[in-house]
Amino acid sequence: MVKAANGESVLSRVVRVLEAFDSEHPALGVSQIARRADLHVATASRLVEELVRHGWLERGPDRRVRVGVRMWEVAVRSSPALGLRETVGPFMEDLHAVVGQHTQLGVLQGEEVLFVERLSAPGAVVNITRIAGRLPLYASSSGLVLLAHAPAPLQERILAGPFHAYTANTVADARRLRPLLAEIRRSGYVLSRGFIDEETAGIAAPVHGATGAVAAALSVIVPNDERAALAVPAVRTAARSASRAMGG
């Protein structure tokens, strides 16, 4: 593989170009890509033109660059999350119909929860998550379920911090987080009130795969009031049904 003078491969630089895009920066100019990818503008421009030629990036009428349909097509077609979404999808739809609020599916990705599917409704409560969005494992209901069932070394890395408190309710220290994870394993769900936004509550339960391991977390985001706990049985029932469909 061709390498730059500093020993970095072309592939590494291409990855940095692609990772310059995120939910907050879906369209960028070449100079912005160069800055976010820490590349010389001429290098970024050359790589962008090559990626545009192959359809992995697209250039709009405003000359700004976006992720191309070809890249999306390959990613969706080959992603292991596709089978998960297809299996769990019907149970998400049933849960969404019952609760009438944001319903989402999250998986463990590194030290974060990655949301691979979300159903929303007009007038639903505030929800900062989105498909292909990520959050720290300790901060959201989905992340907490995944963290509670994660391997011990990963749990210890998260418990060691650092933490970011989104609100005063976020469990942002190991002293409070460790017993919470134990309670999630015992009860089979979590109700997190105001962890991300003080006016919302997240309810999540694990979806088990064929091996019995937790494959995903199924969750809803509801108003943070006395009615929030009423959605717990629906979330747990949907997660158990999805687990059975997964062979768990």
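Every read-out reported here was derived from the displayed coordinates using simple, explicitly stated rules and does not represent laboratory data. Model, not experiment: these values are computed from the prediction. Note: ideal-geometry Cβ built from the backbone for every residue, glycine included; neighbour counts use all protein chains shown.
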- Residues whose placed amide H lies under 5 Å from that of Leu57, excluding near-sequence neighbours: Val52, Gly68
- Once phi for every residue in the stretch 64-69 is put through the Karplus expression 6.51 cos²θ - 1.76 cosθ + 1.60 (θ = phi - 60°), the whole-Hz ³J(HN,Hα) values, with Gly and Pro written as x, are 7, 9, 10, 5, x, 4
- Ordering of 113-119, 175-181, 159-165 by packing [mean C-beta count within 10 Å, highest first]: 113-119, 175-181, 159-165
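Under unit Cβ charges (Lys, Arg +1; Asp, Glu -1), what dipole magnitude, rounded to 20 debye, does the stretch 10-75 have relative to its Cα centre? Don't skip to the answer; put the middle values down first.
Working: 11 positive and 9 negative charges, 42 e Å.
The dipole magnitude comes to about 200 debye.
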- Query: Given q = 0.08, 0.09, 0.10 Å⁻¹, what are the Debye log10 I(q)/I(0) values for the stretch 79-246, with equal point scatterers placed on the Cα positions and solvent ignored?
  - Reply: -0.20, -0.25, -0.31
- Taking Cα pairs closer than 8 Å and at least 6 residues apart, the relative contact order of the stretch 79-246 in percent is 24 percent
- Rounded FRET efficiency, nearest 0.05, which uses the C-beta distance separating Asp62 from Arg244 and R0 of 45 Å: 0.40
- Subtract the Cα-Cα distance of Gln109 and His40 from 0.36 nm times their separation in residues, and report this length gain in nm to one decimal. 21.8 nm
- Looking only at the stretch 19-54, which residues have a backbone nitrogen under 11 Å from a spot 7 Å from the Cα of Val10 in the C-beta direction? 47, 50-51
- Message: Given the DSSP H assignment, sum -39500 (n - 2.57) over each helix run of at least 4 residues in the chain and divide by its residue total; what's the result at 222 nm in deg cm²/dmol, nearest 500?
- Response: -13000 deg cm²/dmol
- Query: Which one of Ala20, Leu51, Val69 is farthest out on the positive end of the charge dipole of the stretch 10-75, using unit charges on Cβ (Lys, Arg +1; Asp, Glu -1) and the Cα centre as origin?
  - Reply: Leu51
- Note on the structure: Across Val98, Val145, Val232, the residue with the highest GNM fluctuation in the chain (Cα network, 10 Å cutoff) is Val98
- Overall Cα dimensions of the stretch 10-75 - principal axes, largest extent first, Å: 29, 26, 21
- Between Ser23 and Leu230, how many nm apart are label points set 7 Å from Cα along the C-beta direction? 2.8 nm
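Size of the dipole of the chain about the Cα centre, Lys and Arg at +1 and Asp and Glu at -1 on the beta carbon, nothing else charged, in debye to 20?
Values: 28 positive and 24 negative charges, 97 e Å.
Once rounded to the nearest 20, the dipole reads 460 debye.
Under a point-charge model restricted to the Cβ atoms of Lys and Arg (+1) and Asp and Glu (-1), what is the dipole moment magnitude of the stretch 164-203 relative to its Cα centre, in debye to the nearest 20?
Details: 6 positive and 5 negative charges, 71 e Å.
So the magnitude is around 340 debye.
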